[in-house]
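Input: a single structure, listed below in structure tokens.
The values are calculated or read from the model by the stated rules, or taken from the named source; none is laboratory data. Keep in mind that what you see is a predicted model, and the values were worked out from it rather than measured. In this analysis, Cβ positions are derived from the backbone assuming ideal geometry, glycine residues included, and neighbour counts consider all displayed protein chains.
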Amino acid sequence: MLNAAMVTATSPPLARSLFPVCKNWVYCNHAAVGPLTTPARDAMVAAMDAQMTMGCNGILNIEARKNEVRAETAAAIGADADEIAFMRATTDGALLGANGIDWRAGDEIILTDNEFGANAYPWLNLRDRGVRVKLLRAPGERLTVDTLDRVATSHTRLVTVSYVGFSDGYRHDVAAIGAWCRERGILFALDAIQGFGHLPLDVHAWKVDLCYFGVAKWLLSPQALSIVYVSRALIEKLRPSFCSWRSVRDPMRFLDYGQELSDDAARFEGGTINYPALLAFRESLRILTTAGLDAVEAHVLRLTGRLIDGAMEAGIEVASSTAAGTRSGIVLLKPPGRTVEEQQARVDSAKVQVTVRDTGVRVSPHGYNTLDEMDRVLEVLI
């Protein structure tokens, strides 16, 4: 039984009426897949209808809005519009850096050994080119400036990390890492998929060189679309790994193969992007930015604080860091006494969506969830 003193009333910053998933589920699985907002779904259907009823004209009308979305995206993350590229998946951004940097034999990359594969394999694949990859042993050894001071060498060329760790929700001090890298002339690549959407992001202020994130988790949008930020200083230095017909300055001059590449980050897009997903993303991004990412963050941290306090009171191990500045929207809990299969059946029966693995139960609420729903999650786990 949860302590009644823990129960307080608070209004979610994101209107629950925009989330049909709430009708049937206590949905706390945004670290896996975010549910679509109603406006996002409607925008996607409208885009498909435009192609269905108008063919090419429908697509051209949608394409004309691409740069508007580019500008809105840039404003949301503290970037300039010409530094934004639309790609397919989070890992496309990592691949852009891994395949586009002019690596030299002996260069070093630093990352942790608990990165999701999308931000690990692109860098690990460089080892046969003479690049040394240093894997920090997380969670015992987190990627902090103190750790970097200890392990970096004169050969360190790039540091990469996730804003928020996918497995346990550890929130890295991105601003501090970015400042440390910039002072030393080291490139900083950030995987932001598990952070941006419930936490703010400011790539210029945090001195990020390359940032990438899919939109299908905390950004409450369809799959098969990602955002890649490339700093203006890096655009000309990266060799486009997806160079194709839309990489040039005037893609509609189809047979002018002598064209120069576009002078902005759009050169990295290569081909046609997922327009229905783009317009859906625009709607969900507007919902988040209108509510205010600071307000969303405060609410989500309130929710995860309830989870942590309630779990500790109930004797459930909290495997996530609770230190100041390291919490996020992901909490990893380890309830005893049930197999993965038993726990999965229990949450499914209760209409609660979380991620159940042999490492624990990952709970990831968003800005429309409520404190009462956190209590419901805990009751299912106890």
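For residues in the range 344-382 being surrounded by fewer than 20 Cβ atoms within 10 Å (Cβ to Cβ) and polar (S, T, N, Q), which is nearest to Ala295 (Cα to Cα)? Looking at the filtered set, the residue picked out is Thr370. For the range 199-233, the set of residues classified as more than 28 Å from Arg41 (Cβ to Cβ) and either surrounded by 20 or more Cβ atoms within 10 Å (Cβ to Cβ) or in contact with a Lys or Arg (Cβ under 6 Å, 6 or more places away or on another chain) (or both) consists of Val203, Trp206, Lys207, Val208, Asp209, Leu210, Val230, Ser231, listed by residue number. The set of residues in the range 97-106 that are over 12 Å from Thr160 (Cβ atoms) and buried (at least 19 other Cβ atoms within 10 Å of the Cβ) contains only Gly100. Residues in the range 319-336 that are without any contact (Cβ under 8 Å) to a residue 24 or more places away in the chain and more than 10 Å from Gly360 (Cα to Cα) were compared, and the one that is surrounded by the fewest Cβ atoms within 10 Å (Cβ to Cβ) is Ala324. Residues in the range 25-65 that are basic (Lys, Arg) and modelled with pLDDT under 95: Arg65 only.
If we keep just the residues of the range 22-44 that are over 21 Å from the mean Cα position of the chain (by Cα), in contact (Cβ under 8 Å) with a residue 40 or more places away in the chain and over 16 Å from Leu225 (Cβ atoms), which is surrounded by the most Cβ atoms within 10 Å (Cβ to Cβ)? Selected residue: Val26. Is at least one residue of the range 357-375 more than 26 Å from the chain's Cα centre (by Cα), at pLDDT 95 or above, in a helix (DSSP H, G or I) and assigned by TED's automatic domain parsing to the domain that holds Val21? Checking the range 357-375: at least one residue is more than 26 Å from the chain's Cα centre (by Cα), at pLDDT 95 or above, in a helix (DSSP H, G or I) and assigned by TED's automatic domain parsing to the domain that holds Val21. For Asp294, the stated conditions hold: it is of a type in the set (Asp, Glu), within 16 Å of His198 (Cβ to Cβ) and not in a loop (DSSP other than H, G, I, E, B).
For Thr304, the conditions (1) polar (S, T, N, Q); (2) touching a residue at least 12 places away in the same chain (Cβ under 8 Å); (3) outside the structural domain of Ser11 (by TED's automatic domain parsing); (4) touching a strand residue (DSSP E or B) at 6+ places or on another chain (Cβ under 8 Å) are fulfilled apart from (3).
Results for (1) modelled with pLDDT under 95; (2) within 29 Å of Trp218 (Cβ to Cβ); (3) surrounded by 14 or more Cβ atoms within 10 Å (Cβ to Cβ); (4) charged (D, E, K, R), shown as yes or no for each residue.
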| site | (1), (2), (3), (4) |
| --- | --- |
| Pro122 | no, yes, yes, no |
| Arg127 | no, no, no, yes |
| Leu135 | no, yes, yes, no |
| Thr144 | no, yes, yes, no |
| Leu148 | no, yes, yes, no |
| Arg157 | no, no, yes, yes |
| Val161 | no, yes, yes, no |
| Tyr170 | no, yes, yes, no |
| Asp173 | no, yes, yes, yes |
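Test Val159 against the stated conditions and say whether it is assigned to a loop (DSSP other than H, G, I, E, B) and in contact with a Cys (Cβ under 7 Å, 6 or more places away or on another chain). No: the conditions fail for Val159.
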